[in-house]
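The values are calculated or read from the model by the stated rules, or taken from the named source; none is laboratory data. Only a predicted model underlies this, so the values are computations on that prediction, with no experimental measurement involved. We place every Cβ from the backbone using ideal geometry, glycine too, and count neighbours over all the protein chains shown. In case anyone asks, the SASA skips ligands and DNA or RNA and just uses the protein heavy atoms, side chains included. Shrake-Rupley method; radii C 1.70, N 1.55, O 1.52, S 1.80 Å.
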Amino acid sequence: MATRKTSIKPSSFPEPKPPGITVLVLAAGVGKRMHSRASKLAHNLAGKPMVRYVVDAALALGAQRVLVVVGSQSEDVRQAVGTKDPKVSFCIQEQPLGTGHAVLSAEKALKGVEDTLLILNGDLPSLRVETLRSLLEFHRQHSVPLTLLTAVLEDPAAYGRIIRNYNSDVARIVEASDATPEEKQIQEINAGIYCVELKHLFKNLLQAGANNAQGEVYLTDLVEILKRNHQKVAAYRHPDSEEVMGVNNRRELARAGKRLYLRKAHELMDAGVTFLDPECTYVEANVRVGRDTVLCPMTFLVGDTVLGENCWIGPGTRISNTVVGEGCEILDHCVITQARLGRGVKVGPFAHLRPDTELAEGVRIGNFVETKKTAIGRNSKANHLTYLGDSEIGEGVNIGAGTITCNYDGAKKHKTVVEDGVFVGSDSQLIAPVRVRKGSYVGAGSTITKEVPPYSLAIARGRQVVVKGWARKHKKKQH
Ligand code: UD1
Ligand code: CA
C-alpha cells in the first residue's frame, strides 16, 4: 500500500483552551427594602426562589463551579438554592458589609483558581443564560481583566451609574446614594453582572475602602481601582433592560414575577399551547404542558405539574404537583393537589382533588366532590356533592349524589372499597372499614356498615311510615 504523506492542517492543532468559568453568586445581603423576615433571595417568583434562577442560569452556562456567598444565619438561602448538583457550593460572609466584602469572603474558596469569574448579584431572577453567553464572548474578545454588564434605563432610580471618561471608556461606577445630581442624570446603569479574570480580582479589590454613604465595601469600586492600576475595563451594554432589573422590594418582586410568568407563557405558546389570556394565567417554571391544551384565565399550574396534550383547563383552576393525561377537561374553579389523572378524565366545575387521588381513564368527577387518598377505576363517576376519602373505587362504578365515605372514627382513618360495577344510590354513607362487593346496589339514603355481598341490593334506612289523615287532625288541634 502506498504511503500517503499526511499534511498537518493548522486546524488539527489543539486550540488554546479558553479559561474555565467559575460563577460567584452574591446572596448574603440583608434585603432591608423587602421588609421581610425571610431573606430576599429565598422569596418565590413564578415557582422558584429568586436565587435559584441565578444558580440555574449559571449551571446552564456550563460553569465548572457555582459558589454562592451566603450569610452565616441564612439556612433559608441554602434551602432556596436547593440543588444537589455537586458543582454548587457555599461560602460564608460573616457580616453583610457590602458586595465587595461579599466577594472578598470567597477568596479562600477560590484560592489557586485561575478561571474567568462571573460574579452575579443574587437578585436578578430574570437573567437569561443567553445573555451570560454574550457577555462572556464579549469579555473574551476584549481580553480585559474586567467586563461589566450595563443597561440603559428610563428611570435609573437606585442603580449604580456608569461614569465614562472623555473617550467614553468606563471610568468608575457611582452608587446612587453617593452620586451628585448631575451623575444621577446618567441613565446607563451597572446591572450587577461582572466578568473578571481571577488573577486580577483580589489584590485589587483589597484596596477598596468603605468611605461612602452606606459605609460598605463596594464591589463597584473595583472599576476605579483597576483603572488607577492602568488596567482596562470593558462594558457590554445589554439591550433588554427589563431582564437585568434587580429585585429589591415587593414592587420589583411583583413586576419580576409577572415577567417570568409571561416568559413561561410565551415559551409554551411557541410550543403549541393555547392561552386565552397569557397575562392572567400563571404557569410556574417547572410545569410541562402538552400541545393543543387550552389554558383559561386565572389558571394556576404549580410545582412539578405535567399536563398532557389536548386538555381544557379552567378558568379559575389551580393544579399543583399533579400529572394529567391527554384529553382531560378540568372545568371552572377546581383545586387539584398531588393527584394523577388518566386520559379523558373530566373534573369540575368546583371539585377538590386532594393528595393521593388517582383517577383512571374516563373518570368523571362533578361539582362539589372532594377526594383524598382515593383511587377510582376506569369510567367511574361521582358527579355531585360527594366525599371519597381513603377509598378504592372500582371500574364502571356510579357514586350517587351526596355519597360520603365516613373514613374517620375520631382517632383513626379506615378504608372503603367499592368494587367494579357497583351502583351507590344518592345520599348514602359508607362507614369504613367497609366493602361493597362487585355488581351490587346500595339503595339511596343507606348507611352501610357491613360488607355488601356481590350482585346484591343493600338498603339500610328507616322504613317509611304513612299515617293517613294525620295532618288534618294535627292542624285542627292547633286551632
Ligand atoms: C448593586 C450595585 C449597583 C447595581 C445594582 C444592580 C454595589 C455596591 N452596587 O446595588 O451598582 O446597580 O446592584 O442591581 O454593588 N450582597 C451580599 N453581601 C452584602 C451586600 C449584598 O452578598 O454585604 C448581595 C445581595 O444579597 C444581592 C447583591 O449582593 O444579591 C446586591 O446587593 P444589593 O444590596 O441588592 O445591591 P444594590 O444596592 O442593588
Ligand atoms: Ca439589588
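Here GLY316 does not fit the description of being at positive phi, modelled with pLDDT of 95 or more and either part of a strand (DSSP E or B) or exposed (fewer than 15 other Cβ atoms within 10 Å of the Cβ) (or both). Among the strands (runs of 3 or more DSSP E) confined to the stretch 377-479, the ones with at least 2 residues that are out of contact with any Cys (no Cβ under 6 Å at 6 or more places or on another chain) and open to solvent by less than 20 Å² (accessible area, probe 1.4 Å) are located at 381-393, 416-418, 434-436.
If the condition is being among the hydrophobic types (A, V, I, L, M, F, W, C) and more than 13 Å from ligand 2 (Cβ to nearest atom), then the stretch 211-254 contributes ALA213, VAL217, LEU222, VAL223, ILE225, LEU226, VAL233, ALA234, ALA235, ALA254.
Please go through the stretch 379-401 and give me each residue that is under 15 Å from GLY344 (Cβ atoms) and either under 32 Å from the mean Cα position of the chain (by Cα) or small (Gly, Ala, Ser) (or both), ordered by number. Matches in the stretch 379-401: SER380, GLY396.
Filtering the stretch 105-130 to residues that are within 16 Å of ligand 1 (Cβ to nearest atom), touching a Leu at 6+ places or on another chain (Cβ under 9 Å) and within 30 Å of ARG263 (Cα to Cα) leaves LEU117, LEU118, ILE119, LEU120, ASN121, GLY122, ASP123, PRO125, SER126, LEU127. Consider the stretch 108-121 and keep the residues that are of a type outside the set (Asp, Glu) and within 17 Å of CYS195 (Cβ to Cβ). The one that is nearest to ligand 2 (Cβ to nearest atom) is ASN121. If you take the residues in the stretch 49-75 that are surrounded by fewer than 19 Cβ atoms within 10 Å (Cβ to Cβ) and farther than 20 Å from ARG133 by Cβ, which one is modelled with the lowest pLDDT? Only one residue tops the list, namely GLN73. Residues that are in contact (Cβ under 8 Å) with a residue 60 or more places away in the chain and buried (at least 18 other Cβ atoms within 10 Å of the Cβ) number at least 2 in the following helices (runs of 4 or more DSSP H) confined to the stretch 104-208: 129-142, 198-205. So, of the residues in the stretch 23-54 that are more than 12 Å from ligand 1 (Cβ to nearest atom) and of a type in the set (A, V, I, L, M), which turns out to be nearest to the chain's Cα centre (by Cα)? Ranking the candidates gives ALA46 first.
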